[in-house]
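Presented below is the structure to which this report refers.
The values are calculated or read from the model by the stated rules, or taken from the named source; none is laboratory data. Not measured: the values here are computed from a predicted model. Heads up, the Cβs are rebuilt from the backbone with ideal geometry, glycines too, and the neighbour counts pull from every protein chain shown.
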Amino acid sequence: MRLRSAALAASALTLAFAVPLSAQEVTLPEYPETRTGEVVETLFGEEIADPYRWLEADVRNDEQVAAWVKEQSEFTDAYLKALPANEWFKERIGALLDYERFGIPQKAGEYYFYTRNTGLQNQSPLYVRHGLEAEPRLLIDPNAWADDGATALAGWEPSENGKLMAYAVQDGGTDWRIIRVLDVETGEPLEDEIRWAKFTGISWLGNKGFFYSRFPEPEEGQDFQALNYNQAVWYHELGTPQSQDRMVFATPDHPERGHGLGVSDDGRWGFVISSLGTDAKYEVHVIDFADDSGEWKARPLVTGFENAWNPVDTIGTRAFFVTNRDAPRYRIVTTDLSADTPEWTTIVPESEQPIDGASIVGDKLIVTYLKDATTRAAVYDLQGNPLDDIELGELGTAGGFGGKPGDPETFYTFTSFNRPGTIYRLNVDTGETSTFAAPELTFDPDRFVTEQKFYTSKDGTRVPMFIVRRKDVTGPAPTLLYGYGGFDISLTPGFSASRMAWLQAGGAFALANIRGGGEYGKAWHDAGRLANKQNVFDDFIAAGEYLKANGYTSEGGLAIQGGSNGGLLVGAVVNQRPDLFDAANAAVGVMDMLRFDRWTAGRYWVDDYGYPSKEADFRVLRTYSPYHNIRSGVDYPAVLVTTADTDDRVVPGHSFKYAAALQAADLGDKPQLIRIETRAGHGSGKPTDKAIEEGADVLGFLAHWTGLNVPVEEAEAPVDD
């Protein structure tokens, strides 16, 4: 396509932006006015002003907040659409996404189920094959559910024989789910419908019904903000209304506890996993469905909320678990469920590489590990004796390996920064691997190089970082640095069309595996949470310093990005080192660390952040809360805050308040803007067209303020042709 000129872009705007030939000379009108309130609270002897508390109200129910969102959106949209690189990135991201891609197949009975997207479909439809070599048949097409493409297929699970499919519907990005059922043979929906399911899986008991987790229906108007308490496990029998569903497990005396139930592959055992928050500290109860009484009595197997206990599967009465009890990097243990008192036997011990997952396939155990944030996979027998390694690429991420005892077939995917996921079929009995689905790429992955470097943080800790560039980009280049650093979540290599567009434009991309994640097990996580949270920010700052000191990043060319907890990361480090960074994208971030536990799932996060109501934790939170530590009178980088109106994970009030405070402060000449998506949430379920638009807006902004000049003359053809 022909790239629209900056002058043409400016002529279509409703606000008067001046766009000279030099991108760095784009001028910014006065920000829209934001009303300030007079809220001041005294917390542990300190007066805390909260002038934008009124922006916490739900945009759907509050006219003043809705008007503020509308004004800010129009202002930001006009600015972003005037940036010279925006249209180029939109074209490139769309072209890079326009390839056929598949989800990992799941087998049930004689059927294989998988998602497939032809390229630019807003949502990925679900297909079925009656046999692996059979012709695929479209089973569910979520693209027909909403004109704007914002209603998604959020999860699905076939019954034991594969003849029924329970699936979860997500509307507008919310965490709430509606569960429905259809007949796989006919494609016809059944009348069954489940409401108010959230943070749940779907676990069939044979072919007649399934388990799910739900919360009580919230008060009217509080769907997207009320705290979530009293989650319970329910059983739904097909053909009955939800009002007749059976409550299987609940703890009304402990409403803060969350519960989920999984069923063993043979259908005999149910494992109820209970948690208090986001920490991997669980209690486990077990139900024997072979009990003729039909009472489904849940007896305790593990108590105390002290360690992770992740069920793998069962063979008869022998249960397999992955645990970090006495093993910070995890081990695999077994116990006899028929015994009165469980005795745990280690079959795969802890090693230097943290265990990332395990599954039983046929008569083998497949175990995945993380080695410096990349996947390794190995095959064991069911006594824990090592048999073989599964050959994978050097710097990449593998996932899948699902299966069941007695069937040697499994599927897995492998991806890296320069390679979209390829799906493989593996027979664990023969070791034979074949390709199930490989993408037809629109670019040459060999034009890009990935390095893994290790740098030293402020306290001397050695931290890994991936750096990706085009091979011909050998000198300093505008660099996009990404991080997360929390909740035991590991960042590993993976393909992103937006990141690839940045690389094709000549930029570099860096991913820092900072503390707070799970890359090196429990100790790595513990070193970046609660009173140790500053280590996360120090690690990320040290990554930026390394990139500049070692010639990767051009002068004035360091952009940073993070989402959710990573949005908090971006907000915190921008406050602490505004001189180091040149542009920032803080996405769906937790920005008010003194009030985060007051909405939806926020109360769960105290495991990583601490309790604002406890003085010791408050003192830590106060030091880094992005909203409360903006430094007026100091030059800041250009900041683009991004959020969505239906985000009921990290409510958008966090970003609204933070952006208002940025705009009110004296932070120099660079812009502080907020982009607010509609009919979208925390990220999952976002339609492809919205993802392309957002990616182009964000990269156009970051490119503009880091000096990344897109190859305008090549805009009509793919860069790699």
Quiz item: Tally time: how many residues in the stretch 594-637 are within 25 Å of Phe199 (Cβ to Cβ) and either under 22 Å from the mean Cα position of the chain (by Cα) or among the aromatic types (Phe, Trp, Tyr) (or both)?
Solution: 16
Practice problem: For the stretch 210-222, name all the residues that are buried (at least 19 other Cβ atoms within 10 Å of the Cβ) and in contact (Cβ under 8 Å) with a residue 24 or more places away in the chain. | Solution: Phe210, Phe211, Tyr212, Ser213
Practice problem: Could you tell me which of the residues Ala166, Ala150 is buried (at least 22 other Cβ atoms within 10 Å of the Cβ) and in contact with a helix residue (DSSP H, G or I) (Cβ under 8 Å, 6 or more places away or on another chain)? | Solution: Ala150
Quiz item: Looking at Asp666, Asp689, Asp635, which one is of a type in the set (D, E, K, R) and in a helix (DSSP H, G or I)?
Solution: Asp689
Quiz prompt | So Ala197, is it among the small types (Gly, Ala, Ser), outside the structural domain of Val650 (by TED's automatic domain parsing) and over 26 Å from Val184 (Cβ atoms) | solution = no
Practice problem: Identify the single condition in (1) at pLDDT 95 or above; (2) in a loop (DSSP other than H, G, I, E, B); (3) within 33 Å of the chain's Cα centre (by Cα) that Arg60 does not satisfy, given that it satisfies every other one. | Solution: (1)
Practice problem: Quick one: in the stretch 180-209, of everything that is touching a helix residue (DSSP H, G or I) at 6+ places or on another chain (Cβ under 9 Å) and surrounded by 20 or more Cβ atoms within 10 Å (Cβ to Cβ), which residue is farthest from Leu276 (Cα to Cα)? | Solution: Asp192
Quiz item: How many residues are under 24 Å from Ser264 (Cβ atoms) and out of contact with any Gly (no Cβ under 7 Å at 6 or more places or on another chain) when one looks only at the stretch 193-210?
Solution: 7
Quiz item: Scanning for something farther than 25 Å from Arg257 by Cβ, of a type in the set (Val, Ile, Thr), assigned to a strand (DSSP E or B) and touching a Leu at 6+ places or on another chain (Cβ under 8 Å), does the stretch 391-400 turn up at least one residue?
Solution: no
Practice problem: Can you work out which of the residues in the stretch 519-529 that are touching a helix residue (DSSP H, G or I) at 6+ places or on another chain (Cβ under 9 Å) and not in a loop (DSSP other than H, G, I, E, B) is surrounded by the fewest Cβ atoms within 10 Å (Cβ to Cβ)? | Solution: Asp526
Practice problem: Have a look at Gly544, Gly521 and point out the one that is in contact (Cβ under 8 Å) with a residue 12 or more places away in the chain, farther than 18 Å from Tyr658 by Cβ and over 21 Å from the mean Cα position of the chain (by Cα). | Solution: Gly544
Self-check item: Output for the stretch 434-449, where each listed residue is in contact (Cβ under 8 Å) with a residue 40 or more places away in the chain and either loosely packed, with under 13 Cβ neighbours inside 10 Å or not small (Gly, Ala, Ser) (or both)
Solution: Phe436, Pro439, Glu440, Leu441, Thr442, Phe443, Asp444, Arg447, Phe448
Quiz item: Are any residues in the stretch 109-161 more than 29 Å from the chain's Cα centre (by Cα) and either closer than 16 Å to Asp689 by Cα or among the small types (Gly, Ala, Ser) (or both), and if so, which ones?
Solution: Gly109, Gly131, Ala134
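The rows are residues; the columns are (1) in contact with a Ser or Thr (Cβ under 7 Å, 6 or more places away or on another chain); (2) surrounded by fewer than 20 Cβ atoms within 10 Å (Cβ to Cβ); (3) in a loop (DSSP other than H, G, I, E, B).
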{"residue": "Gly517", "(1), (2), (3)": "yes, no, yes"}
{"residue": "Ala531", "(1), (2), (3)": "no, yes, no"}
{"residue": "Phe537", "(1), (2), (3)": "no, no, no"}
{"residue": "Gly557", "(1), (2), (3)": "yes, no, no"}
{"residue": "Gly567", "(1), (2), (3)": "no, no, no"}
Quiz item: Of the residues Gly131, Gly173, Gly103, Gly119, which is at pLDDT below 95 and farther than 20 Å from Phe210 by Cα?
Solution: Gly173
Quiz item: Where residues in the stretch 401-438 are aliphatic (A, V, I, L, M) and assigned to a strand (DSSP E or B), which of them is farthest from Ala358 (Cα to Cα)?
Solution: Ala437
Self-check item: Candidates Asn161, Asn143, filtered to the one that is surrounded by 16 or more Cβ atoms within 10 Å (Cβ to Cβ), without any contact (Cβ under 8 Å) to a residue 60 or more places away in the chain, among the polar types (S, T, N, Q) and not assigned by TED's automatic domain parsing to the domain that holds Ala691
Solution: Asn143
Quiz item: Of all residues in the stretch 245-290, which are assigned to a loop (DSSP other than H, G, I, E, B) and basic (Lys, Arg)?
Solution: Arg257, Arg268, Lys281
Self-check item: Considering residues of the stretch 652-692 that are within 20 Å of Trp145 (Cβ to Cβ) and acidic (Asp, Glu) only, the residue surrounded by the most Cβ atoms within 10 Å (Cβ to Cβ)
Solution: Glu677
Quiz item: Residues of the stretch 204-228 being aromatic (Phe, Trp, Tyr) and modelled with pLDDT under 95, which ones?
Solution: Phe224
Quiz item: Does Ala680 satisfy being touching a residue at least 12 places away in the same chain (Cβ under 8 Å), outside any strand (DSSP E or B) and either closer than 26 Å to Ala691 by Cβ or among the basic types (Lys, Arg) (or both)?
Solution: yes
Practice problem: Among the residues of the stretch 653-697, write down those that are of a type in the set (Lys, Arg) and within 19 Å of Asp50 (Cβ to Cβ). | Solution: Lys657
Exercise. Of the conditions (1) touching a Gly at 6+ places or on another chain (Cβ under 7 Å); (2) polar (S, T, N, Q); (3) surrounded by fewer than 20 Cβ atoms within 10 Å (Cβ to Cβ), Thr479 clears all except one; give me its number.
Key: (3)
Exercise. Mind listing whichever residues of the stretch 79-109 are aromatic (Phe, Trp, Tyr) and either assigned to a strand (DSSP E or B) or farther than 18 Å from Pro420 by Cβ (or both)?
Key: Tyr79, Trp88, Phe89, Phe102
Quiz prompt | From Gly431, Gly485, Gly494, Gly406, residue being crowded, with 22+ Cβ neighbours inside 10 Å and in contact (Cβ under 8 Å) with a residue 12 or more places away in the chain | solution = Gly485
